[in-house]
Each structure stands twice: as C-alpha cells, then as structure tokens.
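Input: a single structure, listed below in structure tokens.
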Amino acid sequence: MASTTPDASAAGTLTLGGDLEVRRLGFGAMRITGEGIWGPPANREEAKAVLRRALELGVNFIDTADSYGPEVSEELIAEALHPYPGGLVIATKGGLKRPGPGRWEPDGRPEHLREACEGSLQRLRLERIDLYQLHTVDPRVPLEDSVGALADLRDEGKIARVGLSNVDTAELERAREIVPVVSVQNRYSVADRDSDPVLDWCERQGLAFIPWGPLRGVGPDGTGVIGRVADAHGANELQVALAWLLARSPAMLPIPGTSSVEHMEENVAAAALRLSEEEFGELLAAGP
Ligand SMILES: NC(=O)c1ccc[n+]([C@@H]2O[C@H](COP(=O)([O-])OP(=O)(O)OC[C@H]3O[C@@H](n4cnc5c(N)ncnc54)[C@H](OP(=O)(O)O)[C@@H]3O)[C@@H](O)[C@H]2O)c1
C-alpha cells in the first residue's frame, strides 16, 4: 500500500442512533491490558501511546468495557486522552464479571449493571456515556430485566444510547420492545461469519454492526486467495481482512485491537484499501 499517513476517515462514516456520526474504523481497547486481559499492561506508556496514536490517525470510536483488566482499559483511556477532544466516542460495556485472568462470568442483574455503569462513568470521567452496551446475555436473568436496567440508565441521562453484544436476532427484537438499540457487537471476520444473519438484520434496520475479533482466524488459508489479494495491493492479510469487512456492509464498524503503535498504524491504513468487486467476491466465496 502507498506509504501516506494512515487516516481512519478513508473508511467513511456511519451514524449511531441517527444522530452520532463516527468513522467506520474504530479501536478495540481490550488489548491494552495485561495477559489474559487481566491487570495492567506490560508497558503502560506504550498502551497510552497506542490510544493517542489512534486519535492522531483519525480514529474517533473506541470500544472498551469495565471488565477489560478489569477497570484497567477504562482507566488508561482516561489517563491518556482526558480531557477528550470533541467528536470522540467512547463506547463501553457492562454485564461480565472477572473472577481471574482469562475468566469471564455473565452478570446481567439490573443492580449489577447499574453499579457497573456508575463505575465506568467514574473511571472514564464522563457525565454520560455515548454508547453503553450489554456485554452478553446472562442466561440466569431475563433479557428484559437487563435491558430494562439500561433503559432506566438512559432515562436518567447516564447513558445516551444502548447497544447489545453477543446476541441473535430474536434477542434483538425482544430488546427493541423495551429500548431503542443502536448497535450490535458480535464476533465476526472474513474467517468467521456465523453472525451473517445478525449483520444483515442490522443493515436492514439501520443499526451499526461492530464486529469483535475482526482479525481472528485470518491468515494463509487453503485457497491462498487472501495472500494473493494482499500481494496485489502491497498489503498484508490482516489489512485485507479489515478492507473486506468495510466492503461487506455500510453498517460495519470494525474495532481491531492491538497493544502496538506499529500495528495500529497498519490497521488504520486498511481504511484506504479498496478491494475490487472481483476480489471481494473471491474472498466471500473462499469461505470462512
Ligand atoms: N463483545 C465481546 O464479547 C468482545 C469480545 C472480545 C473482544 N471485543 C472487542 O473487540 C476488540 C477486537 O477484538 P480482539 O482484540 O479480541 O481481536 P482482533 O482485533 O481480531 O485481534 C487482536 C489480535 O491481533 C493482533 N494484531 C492486531 N493488529 C495486528 C497487526 N497489524 N499485525 C499483527 N497482529 C495484529 C493483536 O496483537 P498485538 O497486540 O501484538 O497487535 C491481538 O493479538 C477488542 O479489543 C474488544 O474491544 C469484544
């Protein structure tokens, strides 16, 4: 790829909930914590440099969660970026507890979600969270109760918009009976398309689809297609995977995660990578 300064604005924009515009290439801030997404990062200054570089490169959507670290990712975001520049959207999530490194436990009880949201507001030094997402559905708690708690937080002005994560379309329909939902965050990549029906639903209904793990499973495949497309553009396979996501749907808002400034630059550079229709189709057909 040409070696101009990477610029997230090359990905274009989408609008969250009809009134909040963000660039379509964001940053997932889970990887700026310690191993197992637990504790502080090995290099705190590098983690903050990654966040600052994201903004320099035009990224204006950062995804985080109270459970990343836990608390570490949100604290680092505030430490590195507060006071926040206008137009920066920090989306966070609640609904997962962390009993230890690499361990995640759903907790969708209304009282927990309220406490989690209050903690995020404090750590992020915000009076209102632009986008607050239910991290996952807790099988022990009726979805209506968890979403109802987010609706209350929205009514109180603590959160501006509600998103869901790790859901299917039936759950989305149920949640929408209670509160407007502006985004869905599910696992999705060129190599993992189980959430295709949810993505298509989001596109039809005007919700943003935020694929987590957008680079997962991407690499040399049996077909050699992704490597060939990457070579044709002087890019790497991960950049092609991001470009494919951006081309897949105008509702798509990828949030690649990294702990490295160099990787951040590579990932944002993918915003300018345009696949031909033929390349897009070949990657689609190559299958996950
Ligand atoms: N809602 C959910 O349940 C959920 C679950 C998981 C994640 N998420 C969110 O989604 C975001 C993205 O997911 P993810 O971080 O798990 O997966 P990802 O973005 O697909 O991949 C991140 C991994 O790829 C590596 N990487 C990134 N850019 C690279 C590059 N240019 N070259 C080589 N390696 C590169 C990173 O290592 P380096 O650090 O070395 O770059 C890291 O190990 C997270 O940060 C988080 O915000 C949400």
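Every number here is computed from the coordinates shown, using simple stated rules; none is lab data. As the structure is a prediction and not an experimental result, all values here were calculated from the model. So basically every Cβ, Gly included, is an ideal-geometry build from the backbone, and we count neighbours across all protein chains shown.
Brief remarks follow.
- Positions within region 152-175 being surrounded by fewer than 18 Cβ atoms within 10 Å (Cβ to Cβ) and hydroxyl-bearing (Ser, Thr, Tyr), in sequence order: THR169
- Lone qualifier among LEU14, LEU25 - being assigned to a strand (DSSP E or B), on the phi < 0 side of the Ramachandran plot and crowded, with 21+ Cβ neighbours inside 10 Å: LEU14
- Residue check, GLU278 over 29 Å from LEU150 (Cβ atoms), near the ligand (Cβ under 9 Å from one of its atoms), surrounded by fewer than 20 Cβ atoms within 10 Å (Cβ to Cβ) and not hydroxyl-bearing (Ser, Thr, Tyr): no
- Condition met for LEU164 (within 24 Å of TRP104 (Cα to Cα), outside any loop (DSSP other than H, G, I, E, B) and of a type in the set (A, V, I, L, M)): yes
- Lone unmet requirement of (1) charged (D, E, K, R); (2) over 25 Å from LEU172 (Cα atoms); (3) touching a Gly at 6+ places or on another chain (Cβ under 9 Å) for LYS93: (2)
- Failed condition for THR5, given (1) within 27 Å of VAL182 (Cα to Cα); (2) in contact (Cβ under 8 Å) with a residue 40 or more places away in the chain; (3) away from the ligand (no atom under 15 Å from the Cβ): (1)
- Filtered residues of region 25-39 (kept if more than 10 Å from the ligand (Cβ to nearest atom) and under 8 Å from TYR68 (Cα atoms)): TRP38
- Filter pass, GLU171 being closer than 23 Å to ALA91 by Cβ, more than 19 Å from the chain's Cα centre (by Cα) and without any contact (Cβ under 8 Å) to a residue 12 or more places away in the chain: no
- Elements of type helices (runs of 4 or more DSSP H) contained in region 169-258, each with 1 or more residues being of a type outside the set (Val, Ile, Thr) and within 11 Å of the ligand (Cβ to nearest atom): 237-248
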